[in-house]
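Visitor: Okay, here's the structure, questions in a sec.
Bear in mind that the values in this text are calculations on the coordinates, not laboratory data. As the structure is a computational prediction, the values presented were derived from the model and not from experiment. No Cβ is skipped: glycine too gets one built from the backbone with ideal geometry, and neighbour counts run over all protein chains shown.
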């Protein structure tokens, strides 16, 4: 198996969970271990009790391997079957609106989440869901995008970009850039007036965030990118990092060498490995990782390179938590605190950016 493949098989392919009918760990007895002693810390990393319960549940209920046949079955399911049972529900919002835009390979489905019925001109969040570029959808990440809209008090637009194997790389980054440019010019389609873009996404969508923002730096859109918020992103497919070796087994990311290469990206292209690009001139960034994530060290490396390039950067690492935590807030209750924390950091960063622009 090519080394980079493991980086993208996102912990918690929620479509597979929907097919397998697993109960949420929040509904199971919580039997996690306590924090390890100083003596044990070097041998075993700290795992929160509710995270340990979730991982124990995954081990007892292994997910099926993602084959072309299983993916074909997933594609036939209705959108409502893709609701993530491990995350909190959408909750109260004043506005949820679906919009269709023309894309490079056909129509692209978008959905606006807004805690307000109307609002004055202001920034908009463009969100790319995770799922290894092979699964995931607006529906699988509805709970997270709704939470982002409420917490940031901003409109959030979730994007259904093209997925592999039907549409391998670079279909997803092509869609990501096209969507950002279209939204920058078409606020009226959502009943809003946008003044700037905040680009965000988780896992594969975090990678897509970084790639899209680099494209908009090099060829600006109709509106400026005010900030980027990549959540446990993959940043470098060209090499293996220590965290991948440490956490690819037993932390929900157990991958077989028999897994097929669906995405088929060029690992040496900055449109797949954005860490390989020049990062100077990128917008302020809040970058999120988790301490037990195979992608952790890639995130650390990207944040460090941003700082070295002079980009205002805030780095948040959820200690004792795993890749995918922001969409497991029901199954892992402590993940809600992590999510609220990084959204607070994003709100503070955006306030600095907008206040600085006003002055």
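Visitor: With bins 20 Å wide starting at 0, give me the P(r) of the chain over every alpha carbon pair, in whole percents.
Guide: Percent of pairs per bin, in order: 32, 61, 7.
Visitor: Sticking with this one: Go ahead and run the numbers for FRET between residue 344 and residue 193, Cβ-Cβ distance against an R0 of 30 Å, rounding to 0.05. Don't jump to the answer; show the numbers that get you there.
Guide: Details: r = 26 Å, r/R0 = 0.87.
E between residue 344 and residue 193, to the nearest 0.05, is 0.70.
Visitor: Using 7 Å Cα-to-Cβ label points, what is the residue 334/residue 268 separation (nm, one decimal)?
Guide: 4.3 nm
Visitor: I would also like to ask the following. If I fit a long axis through the Cα atoms of helix 335-358 and take the longest principal axis of the Cα atoms of the chain, what angle between them do I get, 0 to 90°, rounded to 10?
Guide: Helix 335-358 sits at roughly 20 degrees to that axis.
Visitor: Report the calculated FRET efficiency for residue 185 and residue 80 (r = Cβ-Cβ distance, R0 = 30 Å), to the nearest 0.05.
Guide: That gives a FRET efficiency of 0.45.
Visitor: While we're on this one: How large is the helix-only mean residue ellipticity at 222 nm for the chain, computed as the sum of -39500 (n - 2.57) over DSSP H runs with n ≥ 4, divided by its residue count, in deg cm²/dmol to the nearest 500?
Guide: Mean residue ellipticity, 222 nm, calculated: -10000 deg cm²/dmol.
Visitor: Still on this model: If you build a Gaussian network model of the chain, linking Cα atoms that sit under 10 Å apart, which residue out of 290, 280, 234 swings the most?
Guide: Result: 280 has the largest fluctuation of those listed.
Visitor: Give me the extension gain from residue 238 to residue 260: residue separation times 0.36 nm, minus the current Cα-Cα distance, reported in nm with one decimal.
Guide: Full extension from residue 238 to residue 260 adds 6.1 nm.
Visitor: Follow-up question, since we're still on this one. Determine the equivalent ellipsoid of segment 106-187 by diagonalising the alpha-carbon gyration tensor, then write out the semi-axes as square roots of 5 times the eigenvalues, largest first, rounded to whole Å.
Guide: 24, 15, 8
Visitor: Expressed as an acute angle from 0 to 90° and rounded to the nearest 10, what is the orientation of the C-alpha long axis of helix 49-60 relative to the principal long axis of the chain?
Guide: Around 70 degrees separate the two axes.
Visitor: Below 8 Å between Cα atoms, with a sequence gap of 6+, how large is the relative contact order for the chain in percent?
Guide: So the answer I get is 20 percent.
Visitor: I would also like to ask the following. Once R0 is set to 35 Å, what does the formula 1/(1 + (r/R0)^6) return for the Cβ-Cβ distance between residue 72 and residue 352, expressed as a FRET efficiency to the nearest 0.05?
Guide: 0.15
Visitor: Looking at the chain as a GNM with Cα springs under 10 Å, which of 130, 91, 299 has the largest mean-square fluctuation?
Guide: Result: 91 has the largest fluctuation of those listed.
Visitor: Another question, then. Cα gyration tensor of segment 53-206, axes a ≥ b ≥ c as square roots of the eigenvalues: rounded (a/c below 1.5), prolate (a/b > b/c) or oblate?
Guide: It is oblate, given that a/c is not under 1.5 and a/b is not larger than b/c.
Visitor: Which of 61, 84, 207 moves the most in a Gaussian network model of the chain with Cα springs under 10 Å?
Guide: 61
Visitor: By how many degrees, 0 to 90 and rounded to 10, does the Cα axis of helix 142-152 deviate from the longest principal axis of the chain?
Guide: Here the helix axis deviates by roughly 60 degrees.
Visitor: Once fully extended, how much extra length lies between residue 99 and residue 307, figured as 0.36 nm per residue of separation less the alpha-carbon to alpha-carbon distance?
Guide: Here the segment from residue 99 to residue 307 would lengthen by 71.2 nm.
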